[in-house]
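Just below is one structure, and these are the notes that go with it.
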Amino acid sequence: MDLAHKLLLTALLIVAAALDGTQAAAMVSGTVFCDQCKDGQRSLFDYPLNGMKVTITCADGNGQVTMSREETTNLFGSYVMRFDGTPDLSNCYAQVSGSGQGSNGCGATAGPSQKLRLMFRMFGMEIYGVDSLLSQPTEPMSFCPRSANPVPAPRITPTRPSGPTAPAGSPPTFRLPPLPLLPPLPPLPPMPPLPFSQASACSHQYWTMPEYKCYWRVLNPESKVALIFGPLAARRYGTDMTLWESLQGRGDPYKTLLREGTTALLNSYNSLQFPYNSVAVVTRMNWALMGSTRGALITALRFIRANAGSGNVTCKLTPCK
């Protein structure tokens with residue numbers, strides 16, 4: 001880690017220690033997936049859905065609804081809800097309650113509701129998790145396996161051997177029908193310049209350099225922060241800020257959080273060994289935006305450390321050709 005990063009870490013730690021503690025709150029997070037094969041469980045063919053409405057409903061011992069809250073999933077199919085204080089969420093359930101623009105025809109039927117599970121409790125903070133919620137299309141996709149309707153086996157027609165007469169009692173020979181001609185496979189996409197298997201971590205300065213623009217493969221510099229990180233980010237940073245602009249942020253705890261969160265998201269897409277995957281980056285960003293300024297600074301510090309390689313990983317970006 002260079003001197004500039006060390007000074008920045010020291011300054012942020014001093015500021016974080018001087019701020020007030022976090023307020024009591026409960027947070028619930030989860031993800032909605034498209035159950036393409038309508039098998040009622042997560043499988044290889046399922047993908048996260050953005051724009052889906054999720055409702056958390058709580059009931060008392062008599063089954064009467066005592067509290068209800070709704071949220072919309074972000075680009076990665078994730079949602080985060082905050083409840084002020086420490087309400088009892090032990091008898092609460094989450095369920096898909098509606099579809100949005102990102103459903104792509106996968107919002108015809110909602111899967112079963114899931115019970116909230118307490119994951120963490122300390123210093124007045126409670127973190128709840130929810131098993132994956134499912135939303136299903138009207139009919140299973142054509143590529144899904146259908147064990148109830150197996151593909152019929154090819155017909156095998158016995159034929160007499162040509163040439164010399166086969167000896168009596170010899171078994172007949174079989175000729176399989178010709179295989180259909182298949183179209184040629186499309187060419188494989190070019191390999192990215194950075195091997196995903198390598199450990200790599202790059203600071204935000206790298207991601208703003210023109211010679212590394214080709215590494216913005218999954219994310220577009222002009223994509224809106226609100227679209228990538230969700231409604232909480234839209235409330236904090238507005239709906240017009242782009243990811244490129246977010247990398248210029250400094251001088252404010254929440255601008256630093258966004259700058260380092262965007263940097264961590266870019267790193268997560270370019271190295272399988274980066275400490276956070278893309279969903280974890282978005283989730284931690286939302287937790288930080290729901291908490292106190294001190295919590296935002298702590299999250300920013302963790303992102304800065306990861307983006308700096310934690311002292312033993314360097315940036316593997318090479319100039320684009």
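Does any residue of segment 290-301 turn out to be basic (K, R), farther than 22 Å from T318 by Cα, modelled with pLDDT of 90 or more and in contact with a Ser or Thr (Cβ under 7 Å, 6 or more places away or on another chain)? Yes, segment 290-301 contains at least one residue that is basic (K, R), farther than 22 Å from T318 by Cα, modelled with pLDDT of 90 or more and in contact with a Ser or Thr (Cβ under 7 Å, 6 or more places away or on another chain). Of the strands (runs of 3 or more DSSP E) that lie entirely inside segment 60-113, those containing 3 or more residues that are surrounded by fewer than 14 Cβ atoms within 10 Å (Cβ to Cβ) span 65-72. Taken over segment 227-245, the residue count meeting the criterion of being free of Cβ contacts under 8 Å to residues at least 24 places away in the same chain and open to solvent by less than 20 Å² (accessible area, probe 1.4 Å) is 1. In segment 268-280, the residues that are under 11 Å from F303 (Cα atoms) never reach a residue that is open to solvent by less than 20 Å² (accessible area, probe 1.4 Å) and among the basic types (K, R) with C-beta atoms less than 8 angstrom apart, at least six apart or across chains. When P193, P180 are checked against the criterion of being out of contact with any helix residue (DSSP H, G or I) (no Cβ under 9 Å at 6 or more places or on another chain), at pLDDT below 90, part of a loop (DSSP other than H, G, I, E, B) and open to solvent by 60 Å² or more (accessible area, probe 1.4 Å), P180 stands alone in meeting it. Counting only helices (runs of 4 or more DSSP H) wholly contained in segment 219-321, the ones carrying 2 or more residues that are within 21 Å of G77 (Cα to Cα) occupy 225-229, 231-237, 253-270, 278-290.
Evaluated against (1) modelled with pLDDT of 85 or more; (2) within 26 Å of A233 (Cβ to Cβ); (3) surrounded by 14 or more Cβ atoms within 10 Å (Cβ to Cβ); (4) out of contact with any Phe, Trp or Tyr (no Cβ under 9 Å at 6 or more places or on another chain), M125 falls short on exactly one condition, (1). If the condition is being among the β-branched types (V, I, T) and open to solvent by 60 Å² or more (accessible area, probe 1.4 Å), then segment 208-226 contributes only V218.
Quick one: A26 ticks every box in (1) open to solvent by 50 Å² or more (accessible area, probe 1.4 Å); (2) outside any loop (DSSP other than H, G, I, E, B); (3) of a type in the set (G, A, S) bar one, so which box is it? Of everything listed in (1) open to solvent by 50 Å² or more (accessible area, probe 1.4 Å); (2) outside any loop (DSSP other than H, G, I, E, B); (3) of a type in the set (G, A, S), A26 misses just condition (1).
Candidates R305, R284: the one that is in contact (Cβ under 8 Å) with a residue 12 or more places away in the chain, under 20 Å from the mean Cα position of the chain (by Cα), more than 14 Å from Q198 (Cβ to Cβ) and open to solvent by 50 Å² or more (accessible area, probe 1.4 Å) is R284. Scanning segment 34-52 for residues that are surrounded by fewer than 19 Cβ atoms within 10 Å (Cβ to Cβ) and not in a loop (DSSP other than H, G, I, E, B) gives Y47, P48. Within the option set G51, G63, being without any contact (Cβ under 8 Å) to a residue 60 or more places away in the chain and closer than 16 Å to Q136 by Cα holds for one residue only, G51. Screening segment 246-259 for residues that are farther than 26 Å from F83 by Cα and either β-branched (V, I, T) or in contact with a helix residue (DSSP H, G or I) (Cβ under 6 Å, 6 or more places away or on another chain) (or both) and picking the one that is surrounded by the most Cβ atoms within 10 Å (Cβ to Cβ) gives S246.
The values are calculated or read from the model by the stated rules, or taken from the named source; none is laboratory data. All values reported here derive from a predicted model rather than from experimental measurement. Heads up, the Cβs are rebuilt from the backbone with ideal geometry, glycines too, and the neighbour counts pull from every protein chain shown. Side chains included, ligands, DNA and RNA excluded: accessible areas come from the protein's heavy atoms. Shrake-Rupley method; radii C 1.70, N 1.55, O 1.52, S 1.80 Å.
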